[in-house]
Amino acid sequence: MSLDPALRSRIESILGANRVVLFMKGQPTMPQCGFSAKAVGALSDLGVEFAHVNVLADNEIREGIKAYGDWPTIPQLYIDGELIGGSDIILQMAASGELSSVLGLPAPDRTPPSITVTPAAVEMLKGALADAPGAALQLSIDARFQPDFQLAPFDANAIAAESNGLRVQFDLASARRAEGITIDWVDDIRGKGLAIDNPNAPKAVQELDPRDADDQARAGAVTLVDVRPADERAIAAVSAPFRSFDGDGRVQLEALPKDTPLAFLCHRGGRSMQAAEQFRALGFTRVYNVTGGIDAWSQSVDNGVPRY
């Protein structure tokens, strides 16, 4: 595919204006493919600032960047105008420390995490290993602290921890998230299988009664965020102080300290719960969903707020 000179100039302008650029599907806060999510996670784990281009919003760039770097897939990472590669290469370089070196960052901490694997879990996991000669147990923990156990090729250079004679491999980011975890095998009301207790995981989104949300928002004890668009807020809005996602509102909220109490509000609680989970995944530790949304607010706090 030949590249139109005007499009080449656009791409070069983007690369020239930003040292680190990720061409991806979606936004860093809402990736729209798993590979883009992994690339964002690797860069975020290193704490590096990067520009992004959502190729789903610009089909010309989506096809043009493939021709520009002669790389057929998305995402693509560029550093100092040079193509680094796609998701797999980004993850490999992050795990080895090479990506930190390219970015001029300190070498990553490869200290193995301290883990506890109970005897019951050891028995079950060793049984799985016995059926896969040459394999190793690999535990990945994503940015949402969701664990994923897999059998993977044994890697003598991987970050690995041992408990009760069982070895577990980790990638760089997962090793940090795994510090202090307990891996158990359960057969109870929770079901039958592995259960991982991770003390590093953010607390689950908590429900907040509309009356409490009103009191706390007026006292400045919580930041109330109405996730509805402006046209819905024009129909019905609370009188307590609140913020929204209008303009760069979401970006400003994401930049707040991670221990900022945030209470999300929508019509009946569905969209606000989704937003709350997204902020929890970003590392916010005090996240609430206003139960029943503004519909419940109208009934229990201020019946002057219209219902719709």
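Sorted by mean Cβ packing within 10 Å, highest first, what order do the peptides 175-183, 287-295, 225-233 take? Don't skip to the end; give the middle numbers.
Working: 175-183: 20.1, 287-295: 23.7, 225-233: 17.4.
Highest-to-lowest ranking by the protection proxy: 287-295, 175-183, 225-233.
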Next item on the list: Putting +1 on Lys and Arg Cβ atoms and -1 on Asp and Glu Cβ atoms, find which of 30, 61, 121 reaches farthest to the positive end of the dipole of the stretch 1-137.
Entry: 121
Check: In the Gaussian network model of the chain, springs joining C-alpha atoms below 10 Å, which of 17, 201, 161 carries the largest mean-square fluctuation?
Finding: 17
Next item on the list: Pull up all non-local amide H partners of residue 224: gap of 5 or more, or a different chain, and H-to-H distance under 5 Å with H placed in the peptide plane.
Entry: 243, 263
Check: For residue 38, which aspartates and glutamates qualify as cross-link partners when the Cα separation must be under 19 Å and same-chain residues fewer than eight apart are set aside?
Finding: 49, 88, 98, 142, 148, 171, 277
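Report the net charge of residues surrounding residue 115, where surrounding means a beta-carbon distance below 12 angstrom and charges are Lys +1, Arg +1, Asp -1, Glu -1.
Net charge in that neighbourhood comes out at -2.
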Next item on the list: Express the relative contact order of the stretch 1-91 as a whole percentage, based on alpha carbon pairs under 8 Å and six or more residues apart in sequence.
Entry: 38 percent
Notebook entry, point to check: Could you state the number of Å between the C-alpha centres of the stretch 188-260 and the stretch 53-101?
Noted result: 33 Å
Checklist line | Dipole axis of the stretch 148-205 (+1 Lys, Arg; -1 Asp, Glu on Cβ), positive-most option in 165, 183, 205 | finding: 205
Note to self: Name the residue from 296, 111, 20 whose Cα lies farthest towards the positive end of the charge dipole of the chain, charges +1 on Cβ of Lys and Arg and -1 on Cβ of Asp and Glu.
What the structure shows: 296
Check: Nearest 20 debye, what's the magnitude of the dipole of the stretch 139-280 about its Cα centre given +1 on Lys and Arg Cβ and -1 on Asp and Glu Cβ?
Finding: 220 debye
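Before anything else, pin down the relative contact order of the stretch 121-174: Cα pairs under 8 Å, at least 6 apart, normalised by residue count, whole percent.
Working: 72 pairs, mean separation 18.7, N = 54.
That works out to 35 percent.
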Note to self: If I take all pairs of Cα atoms in the chain, what percentage of them are more than 31 Å from each other?
What the structure shows: 47 percent
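Rounding to the nearest 20 debye, state how big the charge dipole of the stretch 107-201 is about its Cα centre with +1 on each Lys and Arg Cβ and -1 on each Asp and Glu Cβ. Don't jump to the answer; show the numbers that get you there.
Numbers: 8 positive and 13 negative charges, 23 e Å.
So the magnitude is around 120 debye.
Output the relative contact order of the chain, whole-number percent, from Cα pairs under 8 angstrom with separation of 6+ residues. Kindly include the intermediate steps, with their values, before the conclusion.
Numbers: 518 pairs, mean separation 38.0, N = 308.
Reported relative contact order: 12 percent.
For the stretch 169-230, give the magnitude of the charge dipole about the Cα centre (Cβ charges: +1 Lys/Arg, -1 Asp/Glu; no others), in debye to the nearest 20. Mind showing how you got there, number by number?
Details: 8 positive and 12 negative charges, 42 e Å.
Roughly 200 debye, rounded to the nearest 20.
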Notebook entry, point to check: Roughly speaking, to the nearest percent, how much of the chain's 1.4 Å accessible area is carbon and sulfur?
Noted result: 50 percent
Next item on the list: Take each uninterrupted DSSP H stretch in the chain, measure its Cα extent along the helix axis, and return the ones at 15 Å or beyond whose mean Kyte-Doolittle hydropathy is at least 0.5.
Entry: 34-46, 119-130
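The values are calculated or read from the model by the stated rules, or taken from the named source; none is laboratory data. Everything numeric in this text was worked out from a predicted model, so none of it was measured. Note that we place each Cβ from the backbone using ideal geometry, even for glycine, and neighbour counts take in every protein chain shown. When the accessible area is computed, the model is the full protein with side chains, heavy atoms only, and any ligands, DNA or RNA have been set aside. Shrake-Rupley method; radii C 1.70, N 1.55, O 1.52, S 1.80 Å.
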